[in-house]
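The values are calculated or read from the model by the stated rules, or taken from the named source; none is laboratory data. Being a predicted model, the structure only gives us computed values, none of them experimental. Quick reminder, even Gly has a Cβ in these numbers, built from the backbone with ideal geometry, and neighbours come from all protein chains shown. All accessible areas refer to the heavy atoms of the entire protein, side chains included, with ligands and DNA or RNA removed. Shrake-Rupley method; radii C 1.70, N 1.55, O 1.52, S 1.80 Å.
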Amino acid sequence: MLLSVSFTLLEGLVVTLELFALTLLFALPLGLIISFGSMSRWLPLRAVVKTIVWIVRGTPLMLQIMVVFFGPGLLFGLPLLPRFTAAVVTFVINYACYFSEIFRGGIQSVPRGQQEAGLVLGMTRSQIFFKVTLLQVIKRIVPPMGNEFITLVKDTALVRVISVYEITWMGETYIKQGMIWPLFYTAVFYLLVNGILTLLFGWFERKMDYFK
Amino acid sequence: MPILDVQHIEKHFGETRVLEDISFSLEQGQALAIIGSSGSGKTTLLRCINFLETPDQGKIVVNGETLFDAADPATQREREVRKKRLHFGLVFQSFNLFPQYTALDNITLAPRLLAQEQPDFKARKKEILEEIVVEGRELLRKMGLSDRADHYPHQLSGGQQQRVAIARALALKPDILCFDEPTSALDPELTGEVLKVIRSLAEQKTTMMIVTHEMAFARDVADQVIFMDSGVIVEQGEARQVIEHPKEERTRQFLSRYSEN
């Protein structure tokens, strides 16, 4: 029994981790772009970006998953996206918005003098961003990013609303057979993944300790 | 011909006029001190000259070349402004060293990036980069910081950080080196080492503009002094004469407040 439960849960874990990894892969760069939009000197762009971020952060992720999956069909008669794709799209948009605010906070917390020092040394704006600002931003955003990564691992359980069979779904199937322990077993997997993430973030934070 | 000629600079922040009809010139190899109380516009003037602020009126001419003319937008294009900034070096009150780089890397970063724009960079890459490091170490030696090359800014005292910042500005060989209250953020016991470095630069005939609150230093090191108040130049002239025998009542009042302290 233990072995068969293990295999079922591992199957779900693969889906969970795929969703986790794909979300990060696309949401991190998209979040950076959104953060530039939210700091734009051009008011219309800034207003549009801030409104989108407000809507995405202000509504439940579960609701967004349903809208992205069912919306195109019900509103425009379009074919449904594959369930997993719909899940990835929703997570990328949602997490990019949260990341963008973390990036914005990080970028704005780098003292203005850093940029000015780069300017008077004849650097271009992109040189200043990549050679001077970026690493200082990364150092500052490590702790809040750690939080987001851990939340993301657990949020993946929400895709059950559109029947993507991730690990929590798999664990739940045993309830119908009158077993509760597979749910605790499921929790162990989450704890393991988040334990590894916590260690990695701790290691990275120490790695960035060489400067202040 | 003066190396720097500033003509009728005017600058507003919103409704407030912070600089009004500022004109002065500076000869090659001379040191100019700008004194005045806080809020008199000294720092804004220095920032205008370094293209960190854009004046509303006036011209900035270096070596006969008009670098900035408020009436001519062609002189204000970002791409060219970047190159024009290289005529000037700026040492900030708060050092603004890059925290993630060692002292040596702080000095060599900008020269390395600029070297990439040289046409022969690809062919002579290794040689060019080695030269830059050698020059960087030489600058550190001049600043008395040879043994601090591999230290990060947070491992250095304020005075050491400011000397690294001076070396960083010198590394690009600016025509005119500007200092914005270089010792104001330092503990009193650390100002001496920084002033000593600036003094030796003056002795080597480095062309400099120094915004400072150190009156004795301005008198002894600068050739010329400008006294500013409420955005205008109240008095300018030979350093010893302005500080010891000011002509204007406002200068006298300002200086007497300093001698009381």
Subject >> Criterion violated by B:PRO174 - all others in (1) closer than 28 Å to A:PHE211 by Cβ; (2) open to solvent by 20 Å² or more (accessible area, probe 1.4 Å); (3) within 14 Å of chain A (Cβ to nearest Cβ); (4) out of contact with any Gly (no Cβ under 6 Å at 6 or more places or on another chain) satisfied >> reply: (4)
Subject >> Pairs where the first residue, in the range A:135-154, is in contact (Cβ under 8 Å) with a residue 24 or more places away in the chain and the second is small (Gly, Ala, Ser) and open to solvent by 10 Å² or more (accessible area, probe 1.4 Å), C-beta under 7 Å, 6+ apart >> reply: A:ARG140/A:SER109
Original post:
Can you tell me how many residues in the range A:147-163 are open to solvent by 10 Å² or more (accessible area, probe 1.4 Å) and modelled with pLDDT of 90 or more?
Top reply: 11
Subject >> Given (1) part of a helix (DSSP H, G or I); (2) open to solvent by less than 70 Å² (accessible area, probe 1.4 Å), index of the condition A:SER40 fails >> reply: (1)
Original post:
So is A:GLN136 open to solvent by 20 Å² or more (accessible area, probe 1.4 Å) and facing another protein chain (nearest Cβ under 10 Å) or not?
Top reply: no
**OP:** Just need a number here: residues in the range B:4-34 that are farther than 18 Å from B:ASP69 by Cβ and buried (at least 18 other Cβ atoms within 10 Å of the Cβ).
**Re:** 7
Original post:
When both residues are 6+ apart or on different chains and their Cβ atoms are under 7 Å apart, which pairs have a first residue that lies in the range B:42-66 and is of a type in the set (Ser, Thr, Tyr), and a second that is surrounded by fewer than 20 Cβ atoms within 10 Å (Cβ to Cβ) and part of a helix (DSSP H, G or I)?
Top reply: B:THR54/B:GLN76; B:THR66/B:THR75
Original post:
Looking at B:LEU45, is it under 16 Å from the mean Cα position of the chain (by Cα), in a helix (DSSP H, G or I) and modelled with pLDDT of 90 or more?
Top reply: yes
Subject >> Restricting the range B:35-60 to residues that are away from every other protein chain (no Cβ under 14 Å) and either in contact with a Pro (Cβ under 8 Å, 6 or more places away or on another chain) or of a type in the set (Lys, Arg) (or both), the residue that is least open to solvent (accessible area, probe 1.4 Å) >> reply: B:LYS42
**OP:** All but one of (1) among the polar types (S, T, N, Q); (2) surrounded by 19 or more Cβ atoms within 10 Å (Cβ to Cβ); (3) part of a loop (DSSP other than H, G, I, E, B) hold for B:SER184, so report the exception by its number.
**Re:** (2)
